[in-house]
Structure formats: structure tokens, C-alpha cells
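Everything below concerns the one structure shown next.
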Amino acid sequence: MNRTLCSLLPVVASIVLSVIFSLNSWSGSVISIEKNIYKGNESWNFVDQGGREVFLRGWNVSGSTKMVETGFKPFKNEADAERAFFLIKQSSGANIIRYLVSWEGVNPEAGVIDYNYLSEVVKQIKIAIKYKMYVLVDFHVDLFSRHLFKNSSKFTGNGAPYWVVPDYLYSNSRCFLCVHWAQNLISNKKVRLAYQNFWDNGEVETKNGIRYVQDEFLWQLGKFLDYLALSLTKEESEWIIGLDPFNEPADGGQERMGAANWERTHLWSFYKRVRAVMDNPMALWWKDRLLFSEPLMFWNSNTPFIPATGFDRTHVELDSNTNSTTNSKIEGRYVFNAHFYDAKRMGLGRLMREANSYTYLQSMEDIRSAAKRGRMPAFISEFGISLNQHSAESALWAQYRAQEVSPSMEIYSPPIASIQWHWDFYYDRHNEMMNGNPDRVISSYDAWNNENFSMVRDGGENYNVNKYIIERAYPRICDGHILSFYYHDLAFEEQDGMFNNIKFGEKDSYYFNERRFLFMIWKDKESSARSMSSVSSVSSEIYLPRHFTIKNLIVITDNEESKITLEQELEGGGYNLSLSKANNKDIECDLHFLLVADGKDMNGREDVKISEDDLKGIKKYLKDTICLKGENPISLSL
């Protein structure tokens, strides 16, 4: 279906505005890593096969994988997966999911692979790919295993199957003083010992003889990767971005060697073993996929009772000692894969002030800095907030804001790609017997340990939070290096103070203060990289949420030669704005910008027009500020 709706305000010379209810025009591309430098600032970024930078936004699917009721899958069946992925794409325009997989589901008995489980998982992954979302495969572990807990326990875990944690190895241990499940990682001797045995590759007696815990994990991981590789077509496989092999690694005890040394000798040694599994010829194309490496779980903790361990770059020294037969070089093959939760806020509740634009700026800057030290892209595969908190919406909003801007607000303020926790299709509709206890059936919220993090309810038909926090514009692809982008979401009615302290304009003017808009600055790539990207006629793609009014949409860019088209991906969904390549011979500098503003203001009025002369004046101001002054026209007002 193809229909022209209207013309945009004539700020760009050549515009085609059409709506095509189709995803066919967007093909997949294997994602790799590229190093970029801007005025001495180094960063590592995701790029497609055409050399274009790729920015990622999406969802974890989902905590339901922790449940027996779903068969350790995000969805009970293909119909549920189909509906969920449709709604994810339609409402948020996500271009990535983190798909949770269970060790217990793959490998229920020693030496046994459940191929029925693998088959069901592959079917669900194929549906996500159909909706043009990259898939990050995540082997999910929390508190190591549910089998460490008795049926009367107030907490539970997930991950390892029963035979990995036999009773003879683990004496009874409970965390009587724990008020949150994560405290078991510090105070539950049973849980801590299980993690230690994993990192030390401890032995375990099974009915099939002596096995070694980490060896067994890697064996079943290899079987899973091989099966997935053989089950996807070449085109489908290009949508698999990589592997997150172990969720939230906890040390279980650092053996008095300190976090940095433990990380180097245990965690990064494990990641090298995982990389070797991915590079195995039987795994086919996995050798070309990325390993999303998580640091120690509490590396950036903000709670006084669980101090931060920090993140050290000593693992990078492994590069110089690389065994060429394993091809385990770090730079270009690994991603710094952080999680972010405001544990202090979730613990102290109403004692904490409302979150604002500044609350998480430094926390996100710490993630950028850690990634840079490790010579890896910065990525957040989990972030969110418990909805039990009185300030949950402002905290979630502030996390998105801090991913999109930096404390300095200079031109070089690179955004952080991220995946939110989580999209629970069965929220408030669970039927899980906690630790197998029929007298403790949990149905409310996320069910697992009574968490309440899902942003959706009613099978994803409705949100649990302000929709404008979730349905956000963002750049998907850029034919250049993204230096900064900002999305003015107007998620809250308050237009001053903590929710709207961004200044965009000259002197006392605030451009588009009452409209939702996206603004992006990017830099031309070097000629070699640009020649690579010549395979595509489209240089950049921006996602616009479905609540944008396309009539009178405002588009301002530095190059009037560019051609802009809009494509609606699904009926009732958002839009993909494509910016075609332009003749750059007359471009005054190698910095470019794009502004896209909603066709209606914050009050829903479409008749509040901006004159063409005013728009041309704004364009001149932007060009002068960026190209002549080298400044970012967007700043934080203190």
C-alpha cells in the first residue's frame, strides 16, 4: 500500500512523503565494530556491511524465560510471540531484542540436549527477525539456579539445571536478612559457592560420570549455537548481532585477589573460552558475530552495602598474548555490555528525590569511559526501574535522557545504545509455582521474585508508564559517525525545571520548545569508509514514533540536495525517515545535522505554523553554530 499524504514545509529541496505498510525494504546486515576519532576522542561503534553507523534501541524478551510455566521461553507458543513482536515493532519501533535463553531449557540432563526446546526457541527468533529486529542471544542466569532454593524459600533463581547443583555439594543456607533477591549474591553461602564452582570449573558427579561445570556450560552453548546456525537462512542469520553468554556475572568470592585480578583470571578467561566456541567451524557464521561481555555485576553499584568493584582494562593486555589458533583478539570482537539500575532509589524509595535531567548523567558517562578503556562499544543490555517506586516514571525518563546527552553537551556527546528491561507479555497473568510449591502460585506483576519491571500489560496492548517515555524517536543508521543526538519527548506536562532544562536556540529563544523533535549531528567518514557505504543510496534512517503528526512535519538539514522519504512500517505504527545521499562537493564542513519536529505542538494543535523565513533563520543559526563555531546548539541550562 503506497499513498502520498502531503508536502513538508519546504526547508529541504527534494521530499517524497509516502506511507508503505511494509518492512520489506529494510534488509538485514551483519553488524561489526569500527573505531572512530573526533578531535582526539576515540570511540568504537556498530556499523553495517555498508560502513554506516548503526544505533540500537529495543527490549528484553523477557523475564518469562525464568519461568517453568513458559517452558523456559519468553513465550509459551508462536502465536504469543507473533503478537508480542508485532506490538513491539508497532509501538516502539525497536530494532533489537535481547532474547533470553535458559541453560536448564537447553541441557536438562547431563549430556542431553533438548532439541524440542531449541526448535521452539528458533521459531520465536525467526518471528522477531521477520519484524526486522536484530537479536542478541542471552544465556540468562540469576542466583545461578532455582534448584539452590527449597520450595519454602522466599526467593528463587534461574539458569543452571538441577544436576549441576546436587544436594551433596550444597548445605542448607538461607538469606534470612535479605529484603531483595540480589542480596543472596552477598549473603547466601549456597549461591556464592555455586558461582565459585562455575568459575573454577569445579567437578560434579552425575549419573553419566564426573563432569566439570564450566565445561558442561560451554558444551551445551556450542550445541545451541550450532543448531541456530543451521536453522537460519543466510538472510535470517544477518539479523543475529551476537551473544551475551552469561547474565550478570557474580564472582561468589574473589579469593582475596581483588576485583581487577579476579576479572582478568576468571571472567575474561571465560569469555575467551566462549569466543573459541563461537569461532568453532561447526558454529558457521558465529565467528563473525560479537561477544557482548558483561563486567562484574556490581562494577558500578550505587548502594552502600554492595560497593562498586569498578572496571579495569587489564583484560586488554590479553591481546598481546593472543593464541592465533583461537583468534580471540578483543578489539573489534567484544562489546562492553553494561547493566544499569538505580539500586539506591529502589531500596530507599520515598527517601529519594524525584529524578531529573542530571540524575544519571555521570552514571552513563562512567559506562562510556569504561567502554573506551576497554576499546569496545558502549552498550546497555539492561536498564529500567521497579514500578513499585513512587518516582518510577521520572527515573526511567532520566535514564533515557542520560543515554542521549552527556554532562558536557559538547558536539561530541555520543549516545549509548540500549535494551530496556523488559517487555513481559504475561505481566499480571502468570501462573508460576514458586520453587515448585503448589501453595505459592505467583500470578501478579513479573512473577519472578515478585519483580515489577514490565513496561507493558494486557499482552502488550497497554503501557504501565507514560507512553511518551517509551515511544521515542532515535537514529537507526547514519552514513557517518554520530557525534550527538537529542530527543525532546515532552513526556511530562511540566515544561520548566527538572523535566525541561534543555536550551535549543540563540540568546533567550527556545526553538520548538512546545514540539517533540529529534536533533542529530554527525561527521563525515574518511574517504575509504565513505567509498564502502556507496553501495547504498540511503545514508541515514531515523525512527519517528507513531504519535508524530506527519502533516506539516518540519525537517531541517544542512544539505538542500538531500531527498527525504517516509515509510510507515506497520499499519498504526511509526515511521522510518530516510535521508538519501547528497552531492557533497559544495558542503562547507564535514559536520552535518538533521532536525525533525512533530507536525503538531504539545497541545495537539496542527495549525500553529512556523513561517518559512523563521525556518530558514533557524537553519542558518544551526549551520553557523555547528560549522563556524564548532558548538552544539543544544545545551543544559543549569
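The values are calculated or read from the model by the stated rules, or taken from the named source; none is laboratory data. Please read these numbers as outputs of a predicted model, since none were measured by experiment. Heads up, the Cβs are rebuilt from the backbone with ideal geometry, glycines too, and the neighbour counts pull from every protein chain shown. These accessible areas exclude ligands, DNA and RNA; they are computed on the full protein's heavy atoms, side chains included. Shrake-Rupley method; radii C 1.70, N 1.55, O 1.52, S 1.80 Å.
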| task | Could you please find all residues in the stretch 151-173 being touching a Ser or Thr at 6+ places or on another chain (Cβ under 7 Å) and part of a loop (DSSP other than H, G, I, E, B)? | result | Gly157, Gly159, Ala160, Val165
| message | Checking Glu541 against (1) at pLDDT 90 or above; (2) within 25 Å of the chain's Cα centre (by Cα); (3) open to solvent by less than 10 Å² (accessible area, probe 1.4 Å): exactly one of these is not met. Which one? | response | (3)
| task | Looking only at the stretch 130-157, count how many residues are closer than 30 Å to Asn95 by Cβ and either out of contact with any helix residue (DSSP H, G or I) (no Cβ under 7 Å at 6 or more places or on another chain) or open to solvent by less than 10 Å² (accessible area, probe 1.4 Å) (or both). | result | 12
| message | I'm trying to understand the selection: among the residues of the stretch 182-198, which are open to solvent by less than 20 Å² (accessible area, probe 1.4 Å) and hydrophobic (A, V, I, L, M, F, W, C)? | response | Ala182, Leu185, Val191, Ala194, Phe198
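Of the residues in the stretch 51-71, how many are in a loop (DSSP other than H, G, I, E, B) and of a type in the set (Asp, Glu)?
Qualifying residue count for the region: 1.
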| said: Looking only at residues that are free of Cβ contacts under 8 Å to residues at least 40 places away in the same chain and not in a helix (DSSP H, G or I) in the stretch 210-254, which one is least open to solvent (accessible area, probe 1.4 Å)? | reply: Gln254
| Among (1) modelled with pLDDT under 95; (2) in contact with a strand residue (DSSP E or B) (Cβ under 9 Å, 6 or more places away or on another chain); (3) in a loop (DSSP other than H, G, I, E, B), the one test that Pro10 misses | (2)
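Given the condition more than 17 Å from Trp397 (Cα to Cα) and either in a loop (DSSP other than H, G, I, E, B) or more than 19 Å from the chain's Cα centre (by Cα) (or both), answer yes or no: does some residue in the stretch 352-371 qualify?
Kept after step one, since they are more than 17 Å from Trp397 (Cα to Cα), are these residues of the stretch 352-371: 366-371.
Still in the running and either in a loop (DSSP other than H, G, I, E, B) or more than 19 Å from the chain's Cα centre (by Cα) (or both): none.
No, the stretch 352-371 contains no residue that is more than 17 Å from Trp397 (Cα to Cα) and either in a loop (DSSP other than H, G, I, E, B) or more than 19 Å from the chain's Cα centre (by Cα) (or both).
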| query | Which residues, taken from the stretch 87-129, are in a helix (DSSP H, G or I), open to solvent by less than 10 Å² (accessible area, probe 1.4 Å) and charged (D, E, K, R)? | reply | Lys89
| said: Name the single residue that is surrounded by the fewest Cβ atoms within 10 Å (Cβ to Cβ) among those in the stretch 424-453 being among the polar types (S, T, N, Q) and out of contact with any strand residue (DSSP E or B) (no Cβ under 9 Å at 6 or more places or on another chain). | reply: Ser444
